[in-house]
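Visitor: Following this message is one structure expressed as structure tokens.
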Amino acid sequence: MSERGTEYDLTHLPEEEKKILAEAGIEVTSGKREGTFIQQNLEVVHCKVKQEGLEVLPIKEALPKYDWLKDYFWQGLSPDKDEYTKAVKEGPFNGYFIRALPGVKNLIPIQAALVIATAGFQQNVHNIVIVEEGAEIHIITGCLTAPHVTRGVHLGMSEFYIKKGGKLTYTMVHRWGKDVVVRPRTSVKVEKGGQFISNYISLGEVKSVQSFPSVRLEGKGAVARLHPVLVAPLGTHLDIGGEVICAAPKSRAEIISRALTTGGEVISRGRLVGEVKEVKGHLECKGLILKKGFIHAIPELVAKTDEVELSHEAAVGKIAQEEIEYLMARGLDEEEATSVIVRGFLEADIEGLPTALQRKLDEVIEQTSKDLL
């Protein structure tokens, strides 16, 4: 991605770069996006929005443009939380500011790509998303390394604010080099009747990811659903989870995590907190160990009052031989049967994902099935 400027023709990118972007959920040829933001290292090389009522800006431009934005900047996250938040606060940094004005319905996703383009580069990112009252948007963010870059550090701070009756569907897709260290820190606040749906997908090699987004349901009837889908190849360490704090009556929370290891290490964390009466939450951690690998599921329920309904279930193990035999008895060979089971386990029904990402998932399933035999 050598061109500069705030907008250029993505269809002219080299085929290898198109392929990598597509595998991270970023469309470059179809035009099926209402807005596109691409940051390479710390430079924003493309920023465009089509739909009226949507704003997409580099955070470094949005902060001086909107004086009121300081009321959101570092309000959900503390810059003193840890060494990674401090590093981003001290800068230099960049990132995206995305805002949906009241009542705007965005059915076609907005996409954002955060690319490490230089080997060994530390990319400091601070994103802010504001969904105003009654608005609805879907954001697909692809975090990735450029071709032939295998080493780097990504520190991503994100603050999401969902106003009364708003809805944010946020899909994060990772496609890193094998020696990249990733440290996202995410805060989400949801007001009355708002919804936050998070899809987190990591299918390939990465040295280490540590992520534990915190969602606070502050308004009556607010809803949060977190759905991580993780594959950990050999040499990969994933420490990924999330918490939802139900701080208002009739709020609802769901965390469903699926982790598959083909030799890597996975720590799957989930935490539900009921602070008031009349809240419900369910936590589910499922892990599948193929060949050698390690999965540690850590479900946590915290009830601070009576009249809360919080539940969890966790299951970690290998593919049951009787499941394979059942499918083989119905005409599938062993490899086909294994593929069916793995595909069902990893199935992610997410609107707006490009076919290239689905092909990548199919490649992972196919290779995994062959490795088992």
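Visitor: Any residue in segment 123-135 that is open to solvent by 20 Å² or more (accessible area, probe 1.4 Å) and either under 19 Å from the mean Cα position of the chain (by Cα) or within 20 Å of Val206 (Cα to Cα) (or both)?
Guide: No: segment 123-135 contains no residue that is open to solvent by 20 Å² or more (accessible area, probe 1.4 Å) and either under 19 Å from the mean Cα position of the chain (by Cα) or within 20 Å of Val206 (Cα to Cα) (or both).
Visitor: When the residues of segment 240-261 are narrowed to those that are assigned to a strand (DSSP E or B) and of a type in the set (Lys, Arg), which ends up most open to solvent (accessible area, probe 1.4 Å)?
Guide: Start the filter on segment 240-261 by keeping residues that are assigned to a strand (DSSP E or B), which leaves 240, 243-246, 252-261.
Applying the additional criterion that residues be of a type in the set (Lys, Arg) yields 252, 258.
Numbers: Arg252: 81, Arg258: 45 Å².
Ranking the qualifying residues of segment 240-261, first place goes to Arg252.
Visitor: So which residues in segment 316-373 are modelled with pLDDT of 75 or more, among the polar types (S, T, N, Q) and either open to solvent by 80 Å² or more (accessible area, probe 1.4 Å) or in a loop (DSSP other than H, G, I, E, B) (or both)?
Guide: Of the residues in segment 316-373, the ones modelled with pLDDT of 75 or more are 316-342.
Retained after the next criterion (residues that are among the polar types (S, T, N, Q)): 321, 338-339.
Once the filter is applied, which keeps residues that are modelled with pLDDT of 75 or more, among the polar types (S, T, N, Q) and either open to solvent by 80 Å² or more (accessible area, probe 1.4 Å) or in a loop (DSSP other than H, G, I, E, B) (or both), segment 316-373 yields only Gln321.
Visitor: Quick one: which residue in Ile256, Ile267, Ile289 is within 30 Å of Lys178 (Cα to Cα), touching a strand residue (DSSP E or B) at 6+ places or on another chain (Cβ under 6 Å) and modelled with pLDDT of 95 or more? Spell out how you get there, then give the answer.
Guide: Values: Ile256 fails: modelled with pLDDT of 95 or more; Ile289 fails: modelled with pLDDT of 95 or more.
Unique residue meeting the criteria: Ile267.
Visitor: Which ones in segment 110-121 are crowded, with 24+ Cβ neighbours inside 10 Å and either among the polar types (S, T, N, Q) or over 19 Å from Val45 (Cα atoms) (or both)?
Guide: Listed by number, the list holds a single entry, Gln111.
Visitor: Same structure, new question: Does Glu191 fit the bill of being among the charged types (D, E, K, R) and modelled with pLDDT under 95? Outline the logic, then answer.
Guide: Details: among the charged types (D, E, K, R): yes; modelled with pLDDT under 95: no.
Taking the combined requirement at face value, the residue does not satisfy it.
Visitor: It is to be established whether one or more residues within segment 171-182 are part of a strand (DSSP E or B) and within 20 Å of Lys105 (Cα to Cα). Show your work before the answer.
Guide: So in segment 171-182, the residues part of a strand (DSSP E or B) come out as 171-175, 179-182.
Add one more test, that the residue is within 20 Å of Lys105 (Cα to Cα), and what stays is 171.
The answer is yes; a qualifying residue exists.
Visitor: Only residues that are in a strand (DSSP E or B) and closer than 22 Å to Ile59 by Cβ: list them for segment 160-170, please.
Guide: We begin by selecting, within segment 160-170, every residue in a strand (DSSP E or B); these are 160-162, 167-170.
Passing the criteria: Phe160, Tyr161, Ile162, Leu168, Thr169, Tyr170.
Visitor: Pull up segment 194-226, narrow it to residues that are under 12 Å from His174 (Cα atoms) and among the hydrophobic types (A, V, I, L, M, F, W, C), then point me to the one that is surrounded by the most Cβ atoms within 10 Å (Cβ to Cβ).
Guide: Per the criteria, the residue is Val206.
Visitor: State which residue pairs qualify: first residue among the polar types (S, T, N, Q) and inside segment 287-313, second residue in a strand (DSSP E or B) and open to solvent by 40 Å² or more (accessible area, probe 1.4 Å) in any location, beta carbons under 6 Å apart, and separation of 6 or more residues or different chains.
Guide: Matching pairs, first to second residue: Ser311/His282.
Visitor: Out of the residues in segment 142-157 meeting the condition of being surrounded by fewer than 24 Cβ atoms within 10 Å (Cβ to Cβ) and touching a residue at least 40 places away in the same chain (Cβ under 8 Å), tell me which one is farthest from Glu90 (Cα to Cα).
Guide: Selected residue: Pro147.
Visitor: Another question, then. Filter segment 137-159 for residues that are assigned to a strand (DSSP E or B) and of a type outside the set (Val, Ile, Thr) and give the result.
Guide: Kept after step one, since they are assigned to a strand (DSSP E or B), are these residues of segment 137-159: 137-145, 151-159.
Passing the criteria: His138, Gly142, Cys143, Leu144, Arg151, Gly152, His154, Leu155, Gly156, Met157, Ser158, Glu159.
Visitor: Let me ask you something else. Just need a number here: residues in segment 183-212 that are farther than 22 Å from Gly263 by Cα and part of a loop (DSSP other than H, G, I, E, B).
Guide: In the first step, residues of segment 183-212 are kept if they are farther than 22 Å from Gly263 by Cα; the result is 184-199, 212.
So of that shortlist, the ones also part of a loop (DSSP other than H, G, I, E, B) come out as 191-194, 212.
Qualifying residue count for the region: 5.
Visitor: May I ask you to verify whether Lys189 is surrounded by fewer than 19 Cβ atoms within 10 Å (Cβ to Cβ) and more than 12 Å from the chain's Cα centre (by Cα)?
Guide: Details: surrounded by fewer than 19 Cβ atoms within 10 Å (Cβ to Cβ): no; more than 12 Å from the chain's Cα centre (by Cα): yes.
Criteria not met by Lys189.
Visitor: I need the full set of residues from segment 240-254 which are more than 25 Å from Phe294 (Cα to Cα) and not polar (S, T, N, Q), in order please.
Guide: Restricting attention to segment 240-254, the residues satisfying the condition of being more than 25 Å from Phe294 (Cα to Cα) are 244-253.
Hits for segment 240-254 are Val244, Ile245, Cys246, Ala247, Ala248, Pro249, Lys250, Arg252, Ala253.
Visitor: When segment 76-108 is examined, which residues are found to be more than 14 Å from Val131 (Cβ to Cβ), in contact (Cβ under 8 Å) with a residue 12 or more places away in the chain and touching an Asp or Glu at 6+ places or on another chain (Cβ under 7 Å)?
Guide: Those that are more than 14 Å from Val131 (Cβ to Cβ), in contact (Cβ under 8 Å) with a residue 12 or more places away in the chain and touching an Asp or Glu at 6+ places or on another chain (Cβ under 7 Å): Leu77, Ile108.
Visitor: Could you pull out every one of the strands (runs of 3 or more DSSP E) wholly within segment 23-115 that has 3 or more residues that are of a type in the set (A, V, I, L, M, F, W, C)? Don't jump to the end; show me each part of the working.
Guide: On the way: elements: 35-40, 43-49, 54-58, 96-100.
The qualifying strands (runs of 3 or more DSSP E) are 43-49, 54-58, 96-100.
Visitor: Quick one: in segment 227-239, of everything that is modelled with pLDDT of 95 or more and assigned to a strand (DSSP E or B), which residue is least open to solvent (accessible area, probe 1.4 Å)?
Guide: Looking at the filtered set, the residue picked out is Leu238.
The values are calculated or read from the model by the stated rules, or taken from the named source; none is laboratory data. Fair warning: this is a prediction, and the values are worked out from it, not measured in the lab. Cβ: placed from backbone, ideal geometry, glycine included. Neighbour counts: every protein chain shown. These area figures cover heavy atoms from the full protein model, side chains too; ligands, DNA and RNA do not enter into them. Shrake-Rupley method; radii C 1.70, N 1.55, O 1.52, S 1.80 Å.
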